[in-house]
Amino acid sequence: LKDQFDNLDKHTQWGIDFLEKYAKFVKERIEIEQNYAKQLRNLVKKYCPKRSPKDEEPRFTSCIAFFNILNELNDYAGQREVVAEEMGHRVYGELMRYSHDLKTERKMHLQEGRKAQQYLDMCWKQMDNSKKKFERECREAEKAQQSYERLDNDTNATKADVEKAKQQLNLRTHMADENKNEYAAQLQNFNGEQHKHYYIVIPQIYKQLQEMDERRTIKLSECYKGFADSERKVIPIISKCLEGMILAAKSVDEHRDSQLVIDCFKSGFEPPGDFPFEDYSQNIYRTISDGTISTPKQEGMRIDSKTTVGKAKGKLWLFGKKPKPQSPPLTPTSLYTSSTPNGSQYPIFSIEPVHYCMSDIKTGKPRIPSFRSLKRGCFPLQGPALEDFSHLPPEQRRKKLQQRIDELNRELQKETDQKDALIKMKDVYEKNPQMGDPSSLQPKLTETMSNMDRLRMEIHKNEAWLSEVEGKVAARSDRRHSSDINHLVTQGRESPEGSYTDDANQEVRGPPQQHTHPNEFDDEFEDDDPLPAIGHCKAIYPFDGHNEGTLAMKEGEILYVIEEDKGDGWTRARRHNGEEGYVPTSYIDVTLEKNSKGA
């Protein structure tokens, strides 16, 4: 049994060690969950958009879905933290507390067992000592009896010696009897304690150790269950997070994203018009029909270099300075001349010059694309910031103004609510002076009213700009509609001056007319004759005009206005020396003349 007590000691120690081993496993699992949640949160933080409140980036459905997925992933990381917290509180913490209690209880039971064993050993020692003493007294009594018998049988022994030996025998016999009684009592006591030890005390201690070990096993079972329950409790929420990710994926709308791109980059500019066909082969056909090259022609049929090559080159430089009237250099084989009765000469093109001019027109930079690069902000405007967003395309300008109006309306509503609250508080103070001084609210109320007036003025000013932009966009739309109708009507062959004929030999090209045609091509291409001024303007700010098609101006300079702003933020102007170009509308103060188009 003593050996079994040691075995139970080892077994209970193994049970505690196993319990602590499982607690260590749970602790490492908690650390894994915490690190996983931390890494997930760092991942979400890394890919979350960092936008300022004024950021106006388009919110595409794909981006919104990704942000929703990040939010769901952040919630998922929170659930992993809940798992770690639940395991730490319900499993690991409970295991550590129970392990401490288990060690204390085991120590107490083992101490009780050792005490019982020590008491039994003490009883055995007492019984063994009394036994040895009884055995020793019995031997002494036997010796005294042998000595008495020897002296009693000895005839030479005196009576005194015999009497003394007899007394010694009686003494030893009495002591042997006492030791015998003591040994019997110790033996009986030991047997009783031994029976109690092995049948009552030790079984009770073993039973307590057994119950302790069973409770340890039950506690492990509960911790196993709690370990799984910690994970199972968050499964519904994790499922909702995954369902949220699936819903975010289903919310992606490619058509809406495309519409957002269109709304974001829609400028409101008109597309460039069609280039007119300029027939340079008229004179060739006319020369063939006349049968000679040098036959004098009518003055009305003379081809001036300014109306041929010079005009073609003018189409390539509509926004810069006008080209000089001389014709571009052509090869001698590509140009023939014919003299008139007054001795003047005019050029007649062969087939090669026609191809040259047509390729020159095709490869030249038209005015509209070049001007579009200006309107789209390819060069930085110098000067103060444009409060009315006139540097932006019409559609973007309208959106910016509308956004500003909405923001101002929200600020005005806040100020209005604050004013109402101050008025109510002032009334309360007037009715209950002990609560506060009504006059102390007057400065704040005055400031609020001033802010409201300022916001109303800002809203009115921005609404005026918005109305101006919307009016120009509507006018541009009507003009585009009219241009489309004219484009559908003009079918057949058209000469540069607008005359129609079916016979190429009968085409007569007259001199350039002074009046302008009210078709769409006059807006895109200019003749060599300068456009009439429709007003004048004064430069409010200086403008460098480094880019092609722009006109530099100084502050306070007076310019002629020859073309109004069509909603793109640019006005066409001309100096007194005839230099023309475009200037920002917001940089000038325009004054239009009445009946200027008939001048």
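Couple of notes before you dig in:
- Geometric descriptor of segment 26-167, per residue, is 147 Å³ (volume of the convex hull of the Cα atoms).
- Surface composition of segment 55-145: carbon plus sulfur atoms contribute 51% of the solvent-accessible area (1.4 Å probe, protein chains only, all chains present).
- Shown in residue order for segment 428-443 are the 3J(HN,Hα) couplings computed by the Karplus curve 6.51 cos²θ - 1.76 cosθ + 1.60 at θ = phi - 60°: 5, 5, 5, 6, 10, x, 5, 7, x, 8, x, 5, 5, 8, 5, x Hz (x for Gly and Pro).
- Number of Lys-Lys pairs in segment 52-173 with C-alpha atoms under 30 Å apart and a separation of 8 or more places or on different chains: 21.
- Amide H to amide H distances under 5 Å link ASP253 with THR61, SER62, where only residues 5 or more positions off or on other chains count and H is placed in the peptide plane.
- Positive-pole candidate from PRO433, VAL469, LEU445, dipole of segment 394-475, charges at beta carbon: VAL469
- A cut-off under 10 angstrom between Cβ atoms defines the neighbours of VAL91, and their net charge, with Lys, Arg +1 and Asp, Glu -1, is 0.
- 3J(HN,Hα) along segment 198-210, derived from phi through the Karplus expression 6.51 cos²θ - 1.76 cosθ + 1.60 where θ = phi - 60°, amounts to 8, 10, 10, 5, 5, x, 5, 5, 5, 5, 5, 5, 5 Hz, with x in place of Gly and Pro.
- What the phi angles of segment 95-109 give under the Karplus curve with 6.51, -1.76 and 1.60, with θ = phi - 60°, is a coupling list of 5, 5, 5, 5, 5, 5, 5, 5, 4, 5, 5, 4, 4, 5, 5 Hz, glycine and proline written as x.
- Taking the Cα centre of segment 186-230 as origin and assigning +1 to Lys and Arg Cβ atoms and -1 to Asp and Glu Cβ atoms, the resulting dipole is close to 40 debye.
- Built amide H within the under 5 Å cut-off of GLU593, gap 5+: GLY535, HIS536
- Shape box of segment 535-592 [Cα atoms, principal axes, largest first, Å]: 24, 21, 21
- Positive-end residue, segment 206-258 charge dipole about Cα centroid, Cβ charges, pick of SER239, ILE218, TYR206: TYR206
- Residue among GLN111, ASN153, ALA141 farthest towards the positive dipole end of segment 101-164, charges placed on Cβ: GLN111
- Rolling a 1.4 Å probe over the protein heavy atoms gives segment 535-592 an accessible area of 43 Å² per residue.
- Rg and Dmax of segment 390-466, both derived from C-alpha coordinates alone, stand at 17.6, 59 Å.
- In terms of the mean number of neighbouring beta-carbon atoms within 10 Å, the peptides 10-16, 567-573 order highest first as 567-573, 10-16.
- Percent accessible area from carbon and sulfur atoms, segment 535-592, protein chains only, probe 1.4 Å: 48 percent
- Over the C-alpha atoms of segment 4-260, the Rg to Rh ratio, Rh being the Kirkwood estimate, stands at 1.57.
- Cα-only Debye scattering, segment 242-282: base-10 log of I(q)/I(0) at q = 0.18, 0.21 Å⁻¹: -0.73, -0.81
- Amide H to amide H, with H built 1.01 Å from N, THR550 comes under 5 Å of TYR582, counting only residues 5 or more places away or on other chains.
- With a cut-off of 14 Å between beta carbons, the residues surrounding LYS132 carry a summed charge of +1, where Lys and Arg count +1 and Asp and Glu -1.
- Dividing the alpha-carbon radius of gyration of segment 126-210 by the rule-of-thumb value 2.2 N^0.38 Å gives 1.80.
- Accessible area per residue for segment 4-260, computed on protein heavy atoms with a 1.4 Å probe, is 67 Å².
- When peptides 247-259, 33-45 are ranked by their average number of other Cβ atoms within 10 Å per residue, the highest-first order is 33-45, 247-259.
The values are calculated or read from the model by the stated rules, or taken from the named source; none is laboratory data. Since this is a predicted model, take the numbers as computed values, not measurements. Here Cβ is always computed from backbone atoms with ideal geometry, including for glycine, and neighbour counts include all displayed protein chains. The protein model used for the area step is the full one, side chains on, heavy atoms only, and it has no ligands, DNA or RNA in it. Shrake-Rupley method; radii C 1.70, N 1.55, O 1.52, S 1.80 Å.
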